[in-house]
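The values are calculated or read from the model by the stated rules, or taken from the named source; none is laboratory data. The structure displayed is predicted, hence computed values, not measured ones. Cβ sites come from the backbone with ideal geometry, for glycine too, and all protein chains shown count toward neighbours. These area figures cover heavy atoms from the full protein model, side chains too; ligands, DNA and RNA do not enter into them. Shrake-Rupley method; radii C 1.70, N 1.55, O 1.52, S 1.80 Å.
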Amino acid sequence: MVVPGRGKSIGFFIALGVALISVIVLLYVGWIFLSWRTGILLFLGILLGAMLISGIVLNTFFLVREIRRNEQQDAFINAVTHELKTPVASIRLYLETLQTRAVDDAKRTEFYRIMLEDSDRLLETIEQILRTGRIGHSGRKPTLSRIDLGGLVQECVTRAATLYDLPEDSLTYRPGSPITILADLDEVRAAVSNLIDNAVKYSGLNVKVSVQIAADDEKHASVRVCDEGPGIPKTELKAIFKRFYRARGPAAPRVPGTGLGLYIVRSVAKRHGGRAWAESEGPGRGSTFVLQLPIAR
Ligand code: ADP
């Protein structure tokens, strides 16, 4: 996957390196030519020394950032490979069984159901990657239309309840007063679905998710998705919205994923002039995700 801006940052390192070498050369040449003037020398020495130190600090900062990005991309490639390989391997196994053995009707129906679920998972991963590319493309503007926010959220809740086969009180939606937003239907649907999917999948066996909508002020409305799942450490509340970021450490839930869902949510919010953020009292205390979007006038 080609990461935009990578060429630019490498160019920056090269330019910075060349600039630092020029400063060193200047320092030495200056030493020879200006040694008779101690005052000027001292002044230039301090100035160039300070430049060198700040340059090296800056260089180290950007290098560390590049290395972190590399690590995240490696983790992303591993996660995506796993997400693509697992359903394909499963579908293949069931097809081989169907081809080589006599299977009764009940088993056959069960195999078809599992294969359909696996192909949905495969399609979802592919769609997530394609959507990241589309949304990250700055030239591609959202197609705005007036959307009934309550209706859209209800649609996403119904989809998730069916997809995860949830009992009625596990995923609830409390409709508030009607709100019309000005947004790209496809993008907002993807963002809200990502938040609900995360709330369900990170809750494990104890799914208690509630979704609400509200007008925050005259200009903004928000969708709040609350769960009673594993929660998020305060230090990671911002980082989880970065592209490819997946929570680490022993407290992080072992749930498959690509680290793209919340990046899509935040990008959709930004593209509409809104915001997205997470709230949590810490590990074990559930989380709330908020997607804020502009109200249509
Ligand atoms: P993915 O779910 O594919 O890893 P996301 O971008 O959707 O990618 O989420 C990034 C990280 O944020 C996840 O790896 C997870 O650790 C954390 N996270 C997201 N939603 C929740 C949630 N509802 N509860 C706890 N942690 C969450």
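Summary of values
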item	result
Stretchable slack from Arg159 to Leu58, in nm (0.36 nm times residue separation minus alpha-carbon distance)	31.6 nm
Ordering of 236-244, 72-80 by packing [mean C-beta count within 10 Å, highest first]	236-244, 72-80
Long-range HN-HN contacts of Gly231 with modeled amide H, under 5 Å	Gly284, Arg285, Gly286, Ser287
Computed label-point distance, nm, for sites Ser177 and Arg224 using a 7 Å Cα→Cβ extension	1.7 nm
Segment Arg285-Leu98, extension gain: residue separation times 0.36 nm, minus the distance between their alpha carbons	62.8 nm
Whole-Å semi-axes of the ellipsoid equivalent to region 189-297 (Cα gyration tensor, √5λ, descending)	23, 15, 12
Square roots of five times the Cα gyration tensor eigenvalues for region 60-136, Å	39, 14, 7
Computed accessible area, His137, all protein chains, 1.4 angstrom probe, square angstrom	110 Å²
Highest to lowest packing among 110-120, 181-191, scored as the average C-beta count within 10 Å	181-191, 110-120
Tail fraction, Cα-Cα pairs, the chain, threshold 33 Å, whole percent	42 percent
Size of charge dipole - the chain - debye, nearest 20, with Cβ of Lys, Arg +1 and Asp, Glu -1, no other charges	1200 debye
Cα lying deepest toward the dipole's positive end in the chain, options Ile40, Leu291, Ala190, charges on Cβ	Ile40
Label-point separation, Trp31 to Leu84 (7 Å along Cα→Cβ), nm	5.4 nm
Using a Förster distance of 35 Å, the FRET efficiency for Val18-Arg68 (Cβ separation, nearest 0.05)	0.90
